[in-house]
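Note sheet for the following structure.
The values are calculated or read from the model by the stated rules, or taken from the named source; none is laboratory data. Keep in mind it's a predicted model, so treat the numbers as computed, not measured. Counting neighbours? That spans all protein chains shown, and the Cβs are built from the backbone with ideal geometry, glycine included. For the accessible areas, the whole protein counts, side chains as well, though only heavy atoms, and no ligand, DNA or RNA atoms are used. Shrake-Rupley method; radii C 1.70, N 1.55, O 1.52, S 1.80 Å.
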Amino acid sequence: MKYIILLLFIQKCVSFDVPKSACKTDLTIDKDHYNVTKTYNVDDAYPTDAHYDSYGNLFFVEYGRNLNGYYFNIKVIKDNTTEAQNISGLPDGESYSIAVDRKETKVYFGTSKGIFVYKYESNEATLVSSPDFKLNMIFIDKDGNKYITDSPNDTEELYLLAGGKKIRYRSFEALNEMAIDEKNNFYYIKEDKLFVLKSNISKAIFIGNVSYEGFAQISFYEEIIYVASETLSYIHENDSGPLKLVKNIPGKVTAIAFDCYGNFILGTFGKIFKYEANNNECYHRKS
């Protein structure tokens, strides 16, 4: 009889025990907990300007330095793979920016030799502009309109592309980084400050101070704005500031991107870490 009681006691205890790994949290944002589920190697380089497409593929710019100087190459990590792949057809070392057109399910690349579009069936890029077309960054809003930046006088300027013409936005001079959310609001970093120009307002609004040392990325998920710029900070869309810092990031971050499920990546020197929500609950037995 005592063995039956002992067995029942053991079964009862086990049913309320949760392994320590289930309780471990690598990173917390508000009340949401996340764990690293994958790690990708990016050699001796910084990942920047990362974007998920509609199929779960991750595109990013690899920024590094070799014997020839600094280089920018665009790579892709396809869904359910672990290795970053080169994309053929792009100018070697001079591919700077990525933009995802979710309306048309296309991915565009901004390079020193024009705008390219990604071909899924062959994993290559095809030129869709003049090879003499100059640009640094490329963006696409929710309606499919394309925007680029260029620095003809060593000052970053924003242009709308319309019928092959460049229409300049004079209020966007001297940009560092920029992103467009799903409501066509323009968020940008200028002089270590984060601003937003909303689609229904003509004047930019100051949001808060951010650290900026040459590389940063602005990203969005469920009305929260994130800034990866060495630190990782965030703010809810309707908050007035200041930005909140996320603790326990895996180093100085230069890239952030969200997939359609709310999972996200953080890019640091040599690594890309994928985070997924930890929905496990930890229970403690009562004494």
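Observations
- Highest to lowest packing among 73-79, 126-132, 46-52, scored as the average C-beta count within 10 Å: 46-52, 73-79, 126-132
- In order through the stretch 98-111: 3J(HN,Hα) via Karplus (6.51 cos²θ - 1.76 cosθ + 1.60), integer Hz, x for Gly, Pro: 10, 9, 9, 9, 6, 5, 9, 6, 10, 10, 10, 10, x, 9
- When the charge dipole of the stretch 205-287 is built from unit charges on Cβ atoms (+1 for Lys and Arg, -1 for Asp and Glu) and taken about the Cα centre, the candidate among Ala255, Phe273, Phe206 whose Cα reaches farthest toward its positive end is Phe273.
- Dipole magnitude (debye, nearest 20) for the stretch 78-170, charges at Cβ of Lys, Arg, Asp, Glu: 420 debye
- Test item: Cα-centred dipole of the chain, Lys/Arg +1 and Asp/Glu -1 on Cβ, debye: 860 debye
- Other-chain or far-sequence residues with amide H under 5 Å of Glu177's (modelled H): Ile189
- Length gained when the stretch Ser171-Lys203 is fully extended (0.36 nm per residue, less Cα-Cα span): 10.7 nm
- Net charge of neighbours whose Cβ lies under 11 Å from the Cβ of Ile138, counting Lys and Arg as +1 and Asp and Glu as -1: -2
- Dipole-positive endmost among Asn35, Tyr52, Tyr96 within the stretch 33-96 (Cβ charges, Cα centre): Asn35
- Protein accessible area in the stretch 81-167, 1.4 Å probe - carbon and sulfur %: 45 percent
- Centroid-to-centroid separation of the stretch 189-265 and the stretch 27-65 [C-alpha atoms, Å]: 15 Å
- When peptides 197-209, 58-70 are ranked by their average number of other Cβ atoms within 10 Å per residue, the highest-first order is 58-70, 197-209.
- Extension gain for Leu245 to Asn136 (0.36 nm times residue separation, less C-alpha to C-alpha distance): 36.3 nm.
- For Phe215, the shell of other residues with beta-carbons less than 10 Å away shows a net charge of -3, using +1 for Lys and Arg and -1 for Asp and Glu.
- Sequence of Glu156, Glu94, Glu223 from largest to smallest accessible area, 1.4 Å probe: Glu223, Glu94, Glu156
- Within the accessible area of the stretch 172-287 (1.4 Å probe), percent carbon and sulfur: 47 percent
- Listed residues Asn80, Asn176, Asn123, most fluctuating in the chain (Gaussian network, C-alpha, under 10 Å): Asn80
- Cα-centre dipole for the stretch 139-274 with unit charges at Cβ (Lys and Arg positive, Asp and Glu negative), debye to 20: 80 debye
- Pairs spanning more than 28 Å between alpha-carbon atoms, out of Lys78/Lys103; Lys103/Lys166; Lys198/Lys271; Lys165/Lys193: Lys198/Lys271; Lys165/Lys193.
- Tilt relative to the chain, helix 2-16 - C-alpha long axis, 0 to 90 degrees, to 10: 20 degrees
- Sequence-distant residues sharing a close amide H with Asn184 (under 5 Å, placed H): Lys142
- The relative contact order of the chain, computed from alpha carbon pairs under 8 Å that lie at least 6 residues apart in sequence, is 18 percent.
- Multiplying the residue separation of Gln85 and Asn66 by 0.36 nm and subtracting their alpha-carbon distance yields 4.9 nm.
- Highest mobility in the GNM of the chain, judged by mean-square fluctuation with C-alpha springs under 10 Å and restricted to Ala255, Ala99, Ala125, is found for Ala125.
- When the Gaussian network model of the chain links Cα atoms closer than 10 Å, the mean-square fluctuations of Asp53, Asp44, Asp154 top out at Asp154.
- Per residue, the chain exposes an accessible area of 56 Å² to a 1.4 Å probe, with every protein chain left in place.
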